[in-house]
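Report on the following structure.
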Amino acid sequence: RVSEEVVNRYASRQPNPLRMEEVLQMKDPEETAKMLMTEMPVRLANRIAHLSHLDMMESCPALLCARARLVRSFAEVVRAADSGASLEEFANTIRAVKERHKHQVKRLTVGTHHLKRLLIQSGKSADEAIEGIDQFLDRFVLSRIGIEMLNSQYLSLFTQSRGIADPNCDPCALARKAGAIARKIAAEEFEAVPEVQVSFFGKRDARTLPLVPSYLLYILLELLKNSVRAVAENHRDNKSKEAPVDPIVIRVASDEAQVVLDIFDRGGGIPFELQQKVWSYMYSTRRGPVSADREDEATPLAGFGVGLPLSRLYAEYIGGSLQLISMPNFGTHAFLFLERCSTRKEGMPTYVNWLRKRHLLEELVELEVRKRAAAEIEDYAEAG
Ligand code: W6P
């Protein structure tokens, strides 16, 4: 067990985002363990404090469970660090952390759906409740990605010794791979599935950049599942069987500063009223209640779940950004912007210093009280 005070002490420090080049150079298990022992408690404590400050979270069992798991991991990492654990012991601690947090995102979606109902019951409008929860989740899950990356990087040093980042990650190759997977999934549901074309614009040596490939693959696969589905549905519903299926056209363009991907589908575009909602964790178009025990992501091609908001977070984490541009009755461009610079840092939420915030609030209240007293004295003086 750890006291709230210990958590707060670590939460009063800001996480230290790493530069991409530091991640690439993280090759020594000993050194990496040392770095994790100081950084991991800070990152975990900030998330615990962040979750604890979420209005009404105490009434949501799934959120309490998520917090209990964070506290457990925090306690174990702090204990391992303070007791000078051996490399092997520490690796086991981190393995246990990784395992414990495997289904956290699911817990969060279940917990926040419950929270939404409570907030609405307490008088908030649905839009207000959803906006607040989406903002919370964007920051909370972004920080989770950073923790996951450090843990995966560290553990990978024991199995493959080169880490999870690739200094020469090739977006074109990953786009082709994601295209093949998305088409295979779609072929189970649709008769006519679009081709995926990839072309590159730029100098030969600008094809690659340093990146964690699994994150880029996640983003591309999520985008392509949506594009393939849109085109396949559009073809099934609006065209004759013999008509050609419009291909999905991916353009990768780069120079020494950035790599930009345009994934263009002719799926008919995204209805205007959905354009903001696709970025929400709360508007899944999937039918039926979200259930806690359905850990898998239902049918892989099902309507918007958390895949798009998560993809945008991964893009932010790797120092990029993601935008959807819809053209009504025509199609959708998904633009993914990536920066090549290896001094770019992990994308990370900045935290309010929770303790300092409390002091500040007290000071503000104090100030307000004094101001009022002064005003009263003045009124009194004028009247007198
Ligand atoms: C659509 C809907 C969508 C979401 C995300 C990416 C691409 C697309 N295309 O029609």
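Note on segment 247-268: residues that are within 12 Å of the ligand (Cβ to nearest atom), closer than 21 Å to residue 178 by Cα and part of a loop (DSSP other than H, G, I, E, B) amount to 2. Of all residues in segment 139-152, those that are in a helix (DSSP H, G or I) have Cβ atoms under 8 Å from Cβ atoms of residues that are of a type in the set (S, T, N, Q), 6 or more apart or on another chain, in 143/46; 144/104.
Summed over segment 269-279, residues that are more than 10 Å from the ligand (Cβ to nearest atom), more than 22 Å from the chain's Cα centre (by Cα) and not aromatic (Phe, Trp, Tyr) total 1. What do you reckon, is residue 37 at positive phi and among the hydrophobic types (A, V, I, L, M, F, W, C)? No, not satisfied. Here residue 293 meets each of (1) out of contact with any helix residue (DSSP H, G or I) (no Cβ under 8 Å at 6 or more places or on another chain); (2) modelled with pLDDT of 95 or more; (3) part of a loop (DSSP other than H, G, I, E, B); (4) of a type outside the set (Gly, Ala, Ser) with one exception, condition (2). Among the residues of this structure, residue 222 does not count as one that is within 25 Å of residue 313 (Cβ to Cβ), modelled with pLDDT under 95 and within 16 Å of the ligand (Cβ to nearest atom). Only a single criterion out of (1) in a helix (DSSP H, G or I); (2) within 24 Å of residue 16 (Cα to Cα) is not satisfied by residue 88, namely (2). For segment 191-246, what are the residues that are in a helix (DSSP H, G or I) and among the aromatic types (Phe, Trp, Tyr)? Within segment 191-246, 215, 218 meet the criteria. Is it the case that some residue within segment 168-175 is assigned to a helix (DSSP H, G or I), acidic (Asp, Glu) and either closer than 22 Å to residue 39 by Cα or at pLDDT 95 or above (or both)? For segment 168-175, residues assigned to a helix (DSSP H, G or I), acidic (Asp, Glu) and either closer than 22 Å to residue 39 by Cα or at pLDDT 95 or above (or both): absent. Selection of segment 56-85 for residues being under 21 Å from the mean Cα position of the chain (by Cα) and farther than 17 Å from residue 2 by Cα yields 57, 62, 63.
Can you find, within segment 304-353, the residue that is modelled with the lowest pLDDT among those that are closer than 18 Å to residue 19 by Cα and among the small types (Gly, Ala, Ser)? Only one residue tops the list, namely 342.
Only residues that are under 19 Å from residue 13 (Cβ atoms) and either touching a Gly at 6+ places or on another chain (Cβ under 7 Å) or surrounded by fewer than 18 Cβ atoms within 10 Å (Cβ to Cβ) (or both): list them for segment 46-101, please. Passing the criteria: 53, 75, 79, 82. Considering only segment 313-347, how many residues are free of Cβ contacts under 8 Å to residues at least 40 places away in the same chain and surrounded by 22 or more Cβ atoms within 10 Å (Cβ to Cβ)? Total satisfying the criteria: 1.
The values are calculated or read from the model by the stated rules, or taken from the named source; none is laboratory data. Keep in mind that this is a model prediction, so the values were computed, not measured. Cβ coordinates were reconstructed from backbone atoms using ideal geometry, including for glycine residues, and neighbour counts include every protein chain displayed.
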